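S.K.: If you scroll down you'll find the structure; I have some questions about it.
The values are calculated or read from the model by the stated rules, or taken from the named source; none is laboratory data. This structure is a prediction, so every number in the text was calculated from the model and none was measured. Positions of Cβ are backbone-derived with ideal geometry, glycine not excepted, and every protein chain shown enters the neighbour counts. Just so you know, the surface numbers come from the protein's heavy atoms only, side chains and all, with ligands and any DNA or RNA stripped out. Shrake-Rupley method; radii C 1.70, N 1.55, O 1.52, S 1.80 Å.
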Amino acid sequence: MTLFVVGNVTEDVVLGLPRLPGPGETLIADSHISDIGGKGFNQALIAARCGMMVRLIGTIGRDAAGKRASLLAAKEAFDATLIEYDGPTDQSFIAVAQDGENHIISTAFAASALTAHDVIACAADASATDALLMQGNLSADTTSTLLAWARRIGMRTTMNPSPIRWDYHELWPFIDRLILNQPELVALSGLADLNAGIDKLRGFGVAEIIVTQGAEGAIRVADDGRDHVPSLRVPVIDTAGAGDTYCGMYVAAIDRG
């Protein structure tokens, strides 16, 4: 099985802070790091490091960050088709406090330029034995077209709807697995109660829902029941990318049985 990951690629600028700033407040950073990330790139990298056959399809600019992303992808154990467009590689600006909490602001100019036609042309050999993993960075049209395409082929689809850019009402019938955090569940279901929110989205046709709850662990609900798994207690350094790591590892763990 090949996992097709269709998503964004970014240059991440990470600033370490003593705490997150309040409205209108300016703080001096304790550290500065620049690296390649993006939910699509992160999830593809993690799934591949966990042993999956992975093909990443995304968009980069004709700039230094795009070249850096291509070089990093070439060093990792997954195939990457990074399509250049006339614009800059997307960026994420991440503020990380000493307690591990973060604020993330991302651009999506490159991600929005990726079309379903581009992806389908690059994934012409995809079959029902393969799987599709997507996130919320692409345009609504591209996302909906690709999910419908994957369903026609018979691929299993996993959606990580982060960030939430548009309504998912028409997409639920094409999503087999949903991995999201609790605030995203509230936003998409319109319900503050965790179990009620899960049941509502399951009622729309999503077979399996995993809700991550940070320090409280994660909840999985599917036809075979409900499970809650507590998180390990570890020192928190940086939670940026934790959700991406979870998605990549979960899909890989399922693939390995």
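S.K.: So Val186 clears everything in (1) in a loop (DSSP other than H, G, I, E, B); (2) in contact with a helix residue (DSSP H, G or I) (Cβ under 7 Å, 6 or more places away or on another chain); (3) surrounded by 15 or more Cβ atoms within 10 Å (Cβ to Cβ); (4) not aromatic (Phe, Trp, Tyr) except one condition, right? Which one?
M.R.: (1)
S.K.: Check Ala111 against each of (1) open to solvent by 10 Å² or more (accessible area, probe 1.4 Å); (2) in a helix (DSSP H, G or I); (3) among the small types (Gly, Ala, Ser) and name the one condition it does not meet.
M.R.: So Ala111 meets the others, but not (1).
S.K.: Take Ile94 and tell me if it is farther than 18 Å from Phe4 by Cα, open to solvent by 10 Å² or more (accessible area, probe 1.4 Å), in contact (Cβ under 8 Å) with a residue 40 or more places away in the chain and outside any helix (DSSP H, G or I).
M.R.: Yes: the conditions hold for Ile94.
S.K.: Return the pairs, sorted by first residue and then second, in which the second residue is part of a loop (DSSP other than H, G, I, E, B), the first residue lies in segment 181-199 and is touching a residue at least 40 places away in the same chain (Cβ under 8 Å), the beta carbons are less than 8 Å apart, and the residues are 6+ apart or on different chains.
M.R.: Cβ pairs passing all conditions: Asn181/Ser162; Asn181/Gln213.
S.K.: Return only the number of the condition from (1) assigned to a strand (DSSP E or B); (2) under 19 Å from the mean Cα position of the chain (by Cα) that Val221 does not satisfy.
M.R.: Result: Val221 fails condition (2) only.
S.K.: Would you mention how many residues in segment 155-180 are open to solvent by 40 Å² or more (accessible area, probe 1.4 Å) and either within 24 Å of Met249 (Cβ to Cβ) or free of Cβ contacts under 8 Å to residues at least 40 places away in the same chain (or both)?
M.R.: 9
S.K.: Determine the pairs where a residue that is under 13 Å from Ala73 (Cβ atoms), located within segment 43-56, has a partner that is part of a strand (DSSP E or B) and among the small types (Gly, Ala, Ser) with Cβ atoms under 7 Å apart, the partner being 6 or more residues away or on another chain.
M.R.: Going by the 7 Å Cβ cut-off, the qualifying pairs are Leu56/Ala80.
S.K.: Using beta carbons and a limit of 7 Å, which pairs, at least six apart or on different chains, have the first residue in segment 1-21 and touching a residue at least 60 places away in the same chain (Cβ under 8 Å) and the second one outside any strand (DSSP E or B) and acidic (Asp, Glu)?
M.R.: Met1/Asp130; Met1/Asp255; Thr2/Asp130; Phe4/Asp130; Gly16/Asp30; Leu17/Asp30; Pro18/Asp30; Leu20/Glu101
Here's the yes/no breakdown for (1) among the aliphatic types (A, V, I, L, M); (2) surrounded by fewer than 21 Cβ atoms within 10 Å (Cβ to Cβ):
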| site | (1), (2) |
| --- | --- |
| Asp12 | no, no |
| Gly16 | no, yes |
| Val54 | yes, no |
| Gly66 | no, no |
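S.K.: Suppose the filter is more than 25 Å from Ala48 (Cα to Cα), buried (at least 18 other Cβ atoms within 10 Å of the Cβ) and out of contact with any strand residue (DSSP E or B) (no Cβ under 7 Å at 6 or more places or on another chain); does Gly197 pass it?
M.R.: yes
S.K.: Quick check on Ala192: is it exposed (fewer than 13 other Cβ atoms within 10 Å of the Cβ) and modelled with pLDDT under 95?
M.R.: Here the answer is no, as Ala192 does not meet what is asked.
S.K.: Considering every residue within segment 205-214, establish whether at least one is more than 18 Å from the chain's Cα centre (by Cα) and either open to solvent by 30 Å² or more (accessible area, probe 1.4 Å) or not hydrophobic (A, V, I, L, M, F, W, C) (or both).
M.R.: Yes: one or more hits.
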